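Below is one structure, written out as C-alpha cells, with a few remarks after it.
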Amino acid sequence: MVPGARTSRDAGQDHRGGYKAPSGTNLQPGRFVVITGSGREAIAAAVRNNWDSNEGLRTMVEQGQTAADKTQRLMLRGAKRLFTQLDLAPVFIIPCLYQVASPTNDPNSLLAGSSIYEAVQNLLLATRALGLGAVLTTFQAGIEPELRELLALPDDTKPAALIPLGFPAANFGPTTRRPVEEVLHWERWAG
Ligand SMILES: Cc1cc2nc3c(=O)[nH]c(=O)nc-3n(C[C@H](O)[C@H](O)[C@H](O)COP(=O)(O)O)c2cc1C
C-alpha cells in the first residue's frame, strides 16, 4: 500500500458504511479506532517484535514464498510485508467490541465475533469500491496489551481486528476460492 492524501477522509466514509451492519439485538457494540498519526509506528513496531520473536511463524511465511501455488506465494509475500512494514499503510482501523452483550457477553467467543465482523466486511467492501486497499488482519491478537495501552482502550472493549488501509501499490487481481461444489452441502452434510 502507498500513502495518499485522500485516505483519511475515505476512511471516514468507509466507517459510515461499516457501522450500518446488523448486530445481535441491534445493540451496536462496534466501535472503530482510526489511527492516522505516529501511533501507527508504535503499533507497527509491536507487530514487528511479534514477528521477530515467533520463529514458527517466520519459517512458515518464508517457506510459503517458494510454494508451487502462485496465489499462496503472493499471499505470503504480502503477509511478510505486513508483518515487517505495516506502517507503510497511512491509516489503520481497529474495529472493537464495546460492552458486548448480544448474542453473548463473552468477548472472546465466536458468537461475539458475529456482532462485529459484518461491520468489518462492509468496511472491506466499501474500501474496495473506492479503489482503496485494505486487508483484515488478526495482528491485534498478538499485540493486545500494547494496543490497549497505546489506544487507551477501556477494559470492556475488545479489539477484533487490525485493518491497514491505503491506496494499493499494485492492481487487485481476481480472488481465488475453492470450487463451490466443495463447500456446499444440500440438505445434509453427507449424502
Ligand atoms: C479471519 C481472518 C484473518 C486474517 N488474518 C490475516 C493476517 O493476520 N494477515 C494477513 O496478511 N491476512 C490476513 N487475512 C487475509 C487473508 O489472508 C486473505 O483474505 C486471503 O489470503 C484471501 O485473499 P483475497 O481475499 O485477496 O483473495 C485474514 C482474513 C481473515 C478472514
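Every number here is computed from the coordinates shown, using simple stated rules; none is lab data. Here the structure is a predicted model, which is why all the values come from computation and not from measurement. A quick note on method: Cβ atoms are made from the backbone with ideal geometry, for glycine too, and the neighbour counts reach across all protein chains shown.
For the range 100-191, chymotrypsin sites (Phe, Trp or Tyr not before Pro) meeting the loop criterion (DSSP other than H, G, I, E, B) and having at most 16 other Cβ atoms within 10 Å: Phe172, Trp186, Trp189. The loop-placed trypsin sites (Lys or Arg not before Pro) in the range 89-191, going by DSSP, that have at most 12 neighbouring Cβ atoms within 10 Å of their Cβ come out as Arg177, Arg188. Listing Met60, Met75 from fewest to most neighbouring C-beta atoms within 10 Å gives Met60, Met75.
Averaging the sequence gap over all C-alpha pairs within less than 8 Å and six or more residues apart, then dividing by the number of residues, gives the chain a relative contact order of 32 percent. Taking other C-beta atoms within 10 angstrom as a stand-in for reagent exposure, Lys158, Lys70 fall in the order Lys70, Lys158, fewest first. Candidates Cys96, Gln63, Thr137 compared by Cα position along the dipole of the range 51-191: farthest toward the positive end lies Gln63, with charges placed on Cβ.
Over the residues of the chain, the helix contribution to mean residue ellipticity at 222 nm works out to -13000 deg cm²/dmol, using -39500 (n - 2.57) for each DSSP H run of at least 4.
Net charge dipole, the range 131-191: roughly 260 debye, given to the nearest 20, about the Cα centre with Cβ charges of +1 for Lys and Arg and -1 for Asp and Glu. Spin-label model, Glu149/Asp106: points 7 Å from Cα along the beta carbon direction are separated by 2.9 nm.
When averaged across all projection directions, what area in nm² does the alpha-carbon convex hull of the range 8-183 cover? One quarter of the hull surface, i.e. the mean projection, equals 11.2 nm². The orientation-averaged projection of the convex hull spanning the C-alpha atoms of the range 127-191 amounts to 8.4 square nanometres. About the centre of its Cα atoms, the range 8-183 shows a dipole size close to 560 debye [charges on the beta carbon of Lys, Arg (+1) and Asp, Glu (-1) only; nearest 20 debye].
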